[in-house]
Structure formats: C-alpha cells, structure tokens
Amino acid sequence: MTKKAKEIKINVPQIPKSLHAVSVDEIGFESEELIESIDCFEGRLENQEKDCVYIRKSIFKDISFKGTRFHRLDLQDVIFENCDFSNVDFTDSIIHKTVFKGCKITGANFSNTTLMNVKLENCNGKYANFRFAQIKKSAFENSNLDLSDYQNAVFDEVWLEKTSFRESQCSGAKLNGLDFRTCDIEGLGARIEDLKGIVITAVQAVSIARILGVVIKD
C-alpha cells in the first residue's frame, strides 16, 4: 500500500540557533575530523580528495564542491542550500537528516550510500548515480533526476513529488510502494518484476506498457 506524504515521517535536521560563521577556506575537512555547529557561506572546495569526514548540525550556503571525492562522508542534521555537488563522489557515505535545497547534484555518485531522512528539494540531479543505495524515509520534490541510475537501489517509504525521472534506469531496484503519479517517468528503464507495487496514472501506464511488451491501439 502506498503512503501519503503526511504518513511518511521524515525527521528534519536539528540545527542550533547559534552557529559559528566560517568560510569554506577555514575548514580543513581532514580525515576523521568532526565539523559541527557551523554556518558556512560562499567559497569553493573543488576537485579534492576527502575521506571519512563527519559533519553535524551545520548549514552550508552557496558552496561549490564540484568534482570532490567525499569517500565515507558522514552527515547528520545538515542543510545545503544552493550548493554545487556536480560530479561529487559520495560513495559509501551515510547521509542522515539532511536537506539539499536548490543544489546541483548533476553526475553525483551516491552508490552504496545510505540516505535516511533526506530531502532533495528543487535540485538538478541529472545523471546522478544511486546504484545500490539505501534510500529510506526520504523525499524527492520538484527536482530533475533525468537519466539518473538506481540499479539495485532500495526505496523504503520515499515520497516523490513533481520530480522528473525521464530515461532513468531502475533495473533491480526495489520500487514497491513508490507513487510516481506527479512525476515524469517517460522512458524509465526497468524489468517487469521491478514495477510490482508502484503507483502510476493511466497516462503513465501507456509508457510502462512498453516495458511489458504491450502494444496499445485505439
């Protein structure tokens, strides 16, 4: 049975009222470093190699992280606003109670990453890679995720609202219960068994029928 947004309890980031304002240049992002209770604004951290960084109860605005490899990043209670994560590698990361608002995640790699209580809002995530990701109690809203890859990903209590998945690949993904009715799924790639339990409109069923090998004629 599909669940409505109000029935999916998504825990929002808990951010302290008082944060320490810093620029991105003042943060080391060193291995095993704990970054906590900061308000980071503007700047660039591009094409870097960062491993096992912990970020807690913080806000990042207008930061470019393009091309940076954040292997085993651990996020909790974090808000990213208008940040650029194009081609960023989040492989094997844990992202919990985190909001990406108005961010570019084009070509970002979330493979083998756990996303729980995560919200993507007004994001551009074309070509993003979510292979083998665990996506739980999360929401994708008003975002462009065309040509993204969810092969063998697991979706558990995920709310979808006005998000485009055109020509995205979902083979082997666990999609049961996902409600695509407000989304664009034209050209979605999936196997017949992957589609069990999804919720779609009558119009969307025409597109899905192609996967089933059904020819619809008036």
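No lab work stands behind these numbers, since they all come straight from the coordinates. In this text the structure is predicted, and so the values were computed from the model without any measurement. Quick reminder, even Gly has a Cβ in these numbers, built from the backbone with ideal geometry, and neighbours come from all protein chains shown.
Note the full-extension length gain between Arg44 and Asp92 as 0.36 nm times their separation in residues minus their Cα-Cα distance, in nm to one decimal.
Extra length from Arg44 to Asp92 when fully extended: 15.0 nm.
Below 8 Å between Cα atoms, with a sequence gap of 6+, how large is the relative contact order for the range 1-142 in percent?
17 percent
According to the Kirkwood expression over distinct Cα-Cα pairs, how big is the hydrodynamic radius of the chain, in Å?
After inverting the pairwise mean of 1/r, the radius is 17.7 Å.
Against the longest alpha carbon principal axis of the chain, how many degrees, from 0 to 90 and to the nearest 10, is the axis of helix 202-212 turned?
So the inclination is approximately 80 degrees.
Between Glu186 and Val199, what is the spin-label point distance in nm, taking each point 7 Å from the Cα along the Cα→C-beta axis?
So the label points at Glu186 and Val199 sit 2.4 nm apart.
How much length, in nm to one decimal, is gained on full extension between Ser31 and Ile8, taken as 0.36 nm per residue of separation minus their Cα-Cα distance?
Taking Ser31 through Ile8 to full extension adds about 4.8 nm, to one decimal.
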